[in-house]
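Working notes, structure below.
The values are calculated or read from the model by the stated rules, or taken from the named source; none is laboratory data. Here the structure is a predicted model, which is why all the values come from computation and not from measurement. Positions of Cβ are generated from backbone atoms using ideal geometry, with glycine treated the same way; all protein chains shown enter the neighbour counts.
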Amino acid sequence: MFHDIGEHWYIYVSIPIMAAVIGYITKLVAIRMMFRPLDYVGRKPFGWQGVVPRRAARMASIAVEMMTSQLISPADVVRRLDPERIAKQLAEPLQAVAGDLAREIAEEFQPGLWDSLPDPVRRMLVRRLRSEAPKLTASVLRSVRDNVESVFDLKDMVVTNLVRDKALLNRIFTEAGDREFRFIAHSGLFFGALIGVVQTVAWALFKQPLIMPLFGAITGWFTDWLALKMIFFPTEPTRYFGLFTWQGLFLKRRDEVSVAYATLIADEIITPRKVIEAVLHGPLSDRLFAMIQREVQHVVSRQVGPARPLVLLAVGSVRYQRMKHLIAERALELMPETLVHIEDYARDTMDIRNVLIDKMRELSAEEFRGLLRPAFQQDEWILITVGAVLGFAVGEIQSLVLEHLAR
């Protein structure tokens, strides 16, 4: 045996090196397969789609459940907004479209009516509409703020955006766990080399070709399993064998992870624009329309006042109700255009980033681990199995090479 080692020393030196390479490569491939490709590539069943994108709806639901149950609520998103201040900021863009809105409503009920009205009457109607628009906006926003749960489905908004944008879903996990994924890859080198030393001894003793693929599979499987455990466990610093102290890397980087996670959520997911879109077009938008319609009815009734019987006589009660409905519809249509003017104010006032950071600091270690753990928990066996299969395949190649060199 020692004679063989002396004669073929380069073979024995290559074994732990190859084991380290196997450990590293299998980690890189397994991590990539967790997130890439975004869409299915190949022909079923011979193809692949990243584990997270393939299960986008479930992964998004898990991430959102954690986010909305323990970190942020719809009330947290809108409660700081001041309806009166927003109304003032929207006054100018709303007043700019008041003339067109007045013309459209008049033409709806009697073509040519607007053009036939005297200029003083038209100016008076536009002035009234301009004066009422900011008040109507403030009133609607107060109702939204006070009844936010009834018109804004935060969970649906986040899940819809994440399922639609799988790359963004990946980023929740990859940016929060960037160092953890690098650790998984680099740990493959260290643990693979250690297993390679044992593999070298086994090869020297038995010279069995099956040793290489078996150890390759063990290297791929064990190093994946151990790296995943070292990321999340233990939750508190723990001393082992009296030699070193270890804490799960994800927990150890808690402050850094909190900032990265909160920044991504605030900049890409719970943004003023997406909140506005969700309120206007989400599953609860009908309730918002009903709310706007109630406010419009109050405004119209107040403006018509004592003349209401004459108006009803002139346009008919059905058309009168249709007029109020039309005003409400147009108000809803104009909202996306006008609310763009308050995005900067809303972003600064909502302050989602700092709200999330503060809430994340209050989480227990177990709860905090739940931010990234769902990406692996139910499907980590896939990552580990991929590592084992790749390790076996590379080990088989290694065995053939060693047999060839030994001749």
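Residues that are over 28 Å from I17 (Cβ atoms), at pLDDT below 80 and crowded, with 17+ Cβ neighbours inside 10 Å are absent from region 394-402 altogether. Filtered by the rule that a residue be surrounded by fewer than 16 Cβ atoms within 10 Å (Cβ to Cβ) and either part of a helix (DSSP H, G or I) or touching a Pro at 6+ places or on another chain (Cβ under 6 Å) (or both), region 30-54 gives a lone residue, R32. Inspection of region 202-215 identifies no residue that is modelled with pLDDT of 80 or more and among the β-branched types (V, I, T).
Within region 342-385, which residues are modelled with pLDDT under 75, buried (at least 17 other Cβ atoms within 10 Å of the Cβ) and over 21 Å from the mean Cα position of the chain (by Cα)? Steps first, answer last, please.
Keep residues of region 342-385 that are modelled with pLDDT under 75, which gives 370-380, 382-383.
With buried (at least 17 other Cβ atoms within 10 Å of the Cβ) added as a condition, the list becomes 370-376, 379-380, 383.
Result: L383, single match.
Conditions tested, residue by residue: (1) surrounded by fewer than 23 Cβ atoms within 10 Å (Cβ to Cβ); (2) outside the structural domain of I276 (by TED's automatic domain parsing).
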{"site": "D153", "(1), (2)": "yes, no"}
{"site": "D156", "(1), (2)": "yes, no"}
{"site": "T160", "(1), (2)": "yes, no"}
{"site": "T174", "(1), (2)": "yes, yes"}
{"site": "G177", "(1), (2)": "no, yes"}
{"site": "F183", "(1), (2)": "yes, yes"}
{"site": "L189", "(1), (2)": "yes, yes"}
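Those helices (runs of 4 or more DSSP H) of region 228-341 in which at least 3 residues are among the β-branched types (V, I, T), at pLDDT below 75 and surrounded by 14 or more Cβ atoms within 10 Å (Cβ to Cβ), considering only elements entirely within it, cover 285-304.
A quick yes/no check of all residues on (1) assigned to a helix (DSSP H, G or I); (2) touching a Phe, Trp or Tyr at 6+ places or on another chain (Cβ under 8 Å); (3) under 30 Å from I231 (Cβ atoms):
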| site | (1), (2), (3) |
| --- | --- |
| V13 | yes, no, no |
| P16 | yes, no, yes |
| A57 | yes, no, yes |
| V77 | yes, yes, no |
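Tell me whether region 63-72 contains one or more residues that are at pLDDT below 75 and within 30 Å of F173 (Cα to Cα). Yes.
Screening region 119-222 for helices (runs of 4 or more DSSP H) wholly inside it with 1 or more residues that are free of Cβ contacts under 8 Å to residues at least 12 places away in the same chain and under 27 Å from V259 (Cα atoms) returns the ranges 154-164, 178-206.
Is it the case that T219 is in the same structural domain as I25 (by TED's automatic domain parsing) and in contact with a helix residue (DSSP H, G or I) (Cβ under 6 Å, 6 or more places away or on another chain)? Taking the combined requirement at face value, the residue satisfies it.
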